[in-house]
Each structure stands twice: as structure tokens, then as C-alpha cells.
Amino acid sequence: MRYCLALSLVIAWNGGGSHRLAAEDTPAEAENQARAKALLEHLQSISMEKVKAETRSLVPLVERPLLTFTDPTRANDHGTVWAWSTGGRPVAMVEVYQPAGQMQRIHAMTLTSTDLVMGSISKQLVWMPQSSAIEFQPFPKAPKPADREVTRQSQLKELSRRFEAHEFWDPDNSRFELRLLVQPVYRYRDPDQKIVDGAVFILAHGTNPEAVLLIEAHGETAATAEWNYGLVRLGSAEMHASLDGNEVWKLDRTPNVAGKPTDPYWLCFTQIEKTVPKD
């Protein structure tokens with residue numbers, strides 16, 4: 001099982017990543033389609049490898065965005081979230097957006113695996129975190145994972161609603177409440193890793209993703225599995241998350257906002273080589 005839901009989709013995608021412009025497309029539609037194609041090609045140029053012991057293995061891109069968003073209050077345009085996965089839990093995710101009026105892309109890379117990765121962006125920038133930031137914890141007072149997948153989907157949503165989150169960010173280190181996007185953006189399982197079922201949820205400022213919540217049923221089978229959760233950042237702010245009203249996760253601001261390419265979360269920039277055609 002591997003699938004993703006694209007929320008608030010504002011640009012056109014197809015399974016092969018290309019789109020033939022129709023004669024009746026408006027200039028705005030043509031621009032969106034061209035931008036989508038260019039962005040997908042850019043994401044496909046990022047090489048993501050799982051690093052374990054002395055071996056490396058290539059991890060494919062999920063070739064549709066898990067989420068699309070815009071955040072006018074923070075001057076972020078054309079935002080998308082992507083993941084790399086072989087079918088189980090994503091090994092890494094990236095939030096990509098374009099500052100309003102600028103011809104560059106900002107990439108917020110985050111490690112969602114307990115293993116390490118190496119990402120090569122545009123064959124120039126290398127992200128190689130030296131440690132993982134995700135730690136899975138048992139879910140207190142959680143029901144047993146159901147046998148049926150459709151029932152587990154309801155369980156996942158109910159478990160996710162028990163979280164609340166906020167961040168401190170500019171201006172003046174203001175507090176911003178984060179809201180849970182109630183639909184998971186990605187579902188997965190991985191028998192080899194004893195993950196019976198799992199889902200990726202987003203905690204967002206509006207629709208702008210700031211943190212990732214992963215909820216998984218760990219065990220050999222649904223009958224023996226237990227629910228666990230883990231959180232990682234997708235933003236540079238000071239992060240706080242509570243479960244049933246009790247704080248369970250806190251992260252300070254990322255050093256110098258961007259962090260370092262050896263960190264499990266890193267901000268980097270690439271230039272957009274050419275403008276999106278208007279016609």
C-alpha cells in the first residue's frame with residue numbers, strides 16, 4: 001500500500017509528470033502547468049540515498065506533491081511538500097516554496113527516517129545529516145489497531161486530533177497556533193520494518209506546513225501491534241506540541257534559521273534558471 005493525497009491542489013499533475021497544453025488553456029493555466037512541470041523536473045534531479053553501514057541505496061521520489069499551499073502573510077508562493085519513499089515510511093521530506101517576487105526556491109529538508117540519508121540537490125548542494133531527530137513514543141491510552149484498514153484510517157485521524165501545537169516566530173517572537181490538517185497526506189506500511197500501518201499528518205500555519213506528525217502501528221500483525229508517534233520539524237521556528245494537553249515535544253529555533261547540511265533539518269536555496277512562460 002502506498003498512496004498520497006494532494007490537498008488544496010492548485011497546479012496540474014499527472015502520473016508521468018508531464019502535461020500537454022490544451023488549445024483552450026488560459027495563460028494562467030498554461031503558466032501553472034509549466035511551473036508544475038519545471039518543479040517536478042527539479043525534484044527529480046535531487047538524488048536521495050539511504051545510508052546504512054557501508055551501503056547506500058537510492059530512494060525514489062513520490063512523484064506527486066503530498067501537499068500544495070500558499071502563505072501570503074509570510075510571502076511564500078507556490079509551496080509544495082514532497083517525500084522520498086520505497087513504499088514504507090518516507091526517509092525524508094522537503095517543503096519547497098518560492099519567496100514572493102523572487103526567482104529562487106527555498107528547500108526545507110527534514111529527515112523522517114531513523115536511518116541516515118544523503119541528498120544531492122541540483123548536483124551541487126549535499127545534505128548529509130549525521131543524526132536522526134525522530135524518536136517514536138508509545139501512544140498512551142490508544143485503542144488496539146483494528147484488523148481492517150478502513151477502520152485503522154478512522155483510528156489514525158482520531159489519534160491525530162489529540163495533538164495541539166504552536167510555534168514562536170517573527171515578528172517579535174510571536175506565538176502562532178498550528179492547526180492539524182485532518183487528512184493524512186501519506187499512508188504507508190512496511191512489513192520488513194514491522195509497520196502494520198502508518199500515516200503522515202501536517203501541523204500548519206494556515207496551510208503552510210511547519211511540523212510533521214507520524215503515527216504508526218508497530219508490530220508483526222495488527223493483532224499484536226501498538227500505536228506509536230513521532231514528530232519532526234518542517235519550519236525553523238521554536239516548536240511545541242502537546243498530546244492530551246501535556247507537552248511532549250519542544251525544539252528551539254534552528255541555528256541561523258537554516259541550520260547546517262549535516263543537521264536532520266536544513267534550509268537551502270537554488271535559483272530558478274528561467275522564468276515560467278506566460279503564453
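Taking into account only those residues within the range 1-53 that are outside any loop (DSSP other than H, G, I, E, B) and loosely packed, with under 13 Cβ neighbours inside 10 Å, which is modelled with the lowest pLDDT? Ranking the qualifying residues of the range 1-53, first place goes to Tyr3. The residue that is nearest to Ser47 (Cα to Cα), counting only those in the range 89-131 that are under 15 Å from the mean Cα position of the chain (by Cα) and hydroxyl-bearing (Ser, Thr, Tyr), is Thr110.
Met128 meets the conditions (1) buried (at least 20 other Cβ atoms within 10 Å of the Cβ); (2) farther than 23 Å from Asn228 by Cα; (3) at pLDDT 90 or above in every case but one. The failed one is (1). For the range 166-183, a residue qualifies if it is closer than 14 Å to Phe69 by Cβ and surrounded by 19 or more Cβ atoms within 10 Å (Cβ to Cβ), and the qualifying residues are Leu178, Leu181. Looking only at residues that are among the aliphatic types (A, V, I, L, M) and assigned to a helix (DSSP H, G or I) in the range 135-165, which one is surrounded by the fewest Cβ atoms within 10 Å (Cβ to Cβ)? Only one residue fits best here, namely Val150. Tyr186 meets all of the listed conditions (1) touching a Leu at 6+ places or on another chain (Cβ under 7 Å); (2) surrounded by fewer than 23 Cβ atoms within 10 Å (Cβ to Cβ); (3) hydroxyl-bearing (Ser, Thr, Tyr) but one, namely (2).
Close contacts from the range 102-124, counting a first residue that is closer than 14 Å to Asp263 by Cβ and a second that is among the hydrophobic types (A, V, I, L, M, F, W, C) and loosely packed, with under 15 Cβ neighbours inside 10 Å, with Cβ to Cβ under 9 Å and a gap of 6+ residues or different chains, come to His107/Phe269; Met118/Val126; Gly119/Val126. Check the range 198-219 and report whether any residue there is closer than 15 Å to Gly235 by Cβ, hydroxyl-bearing (Ser, Thr, Tyr) and at pLDDT below 95. Looking through the range 198-219, at least one residue is closer than 15 Å to Gly235 by Cβ, hydroxyl-bearing (Ser, Thr, Tyr) and at pLDDT below 95.
Of the residues making up the range 172-180, none is modelled with pLDDT of 95 or more and in contact with a Cys (Cβ under 9 Å, 6 or more places away or on another chain). When Arg253, Arg233 are screened for being within 25 Å of Gly119 (Cβ to Cβ), of a type in the set (D, E, K, R) and buried (at least 19 other Cβ atoms within 10 Å of the Cβ), only Arg233 passes.
Can you tell me which residue within the range 30-78, out of those that are basic (Lys, Arg) and more than 21 Å from Thr114 (Cβ to Cβ), is nearest to the chain's Cα centre (by Cα)? For the range 30-78, the residue satisfying everything is Arg64.
Residue-wise test of (1) over 30 Å from Ala34 (Cβ atoms); (2) touching a residue at least 24 places away in the same chain (Cβ under 8 Å); (3) in contact with a Cys (Cβ under 9 Å, 6 or more places away or on another chain); (4) surrounded by fewer than 22 Cβ atoms within 10 Å (Cβ to Cβ).
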| site | (1), (2), (3), (4) |
| --- | --- |
| Asp197 | yes, yes, no, no |
| Val200 | no, yes, yes, no |
| Leu213 | yes, yes, no, no |
| Gly219 | yes, yes, no, yes |
| Tyr229 | yes, yes, no, no |
| His240 | yes, yes, no, yes |
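The values are calculated or read from the model by the stated rules, or taken from the named source; none is laboratory data. Note that the structure is a prediction, hence the values are computed from the model and not measured. Note that each Cβ is placed from the backbone with ideal geometry, even for glycine, and that neighbours are counted across all protein chains shown.
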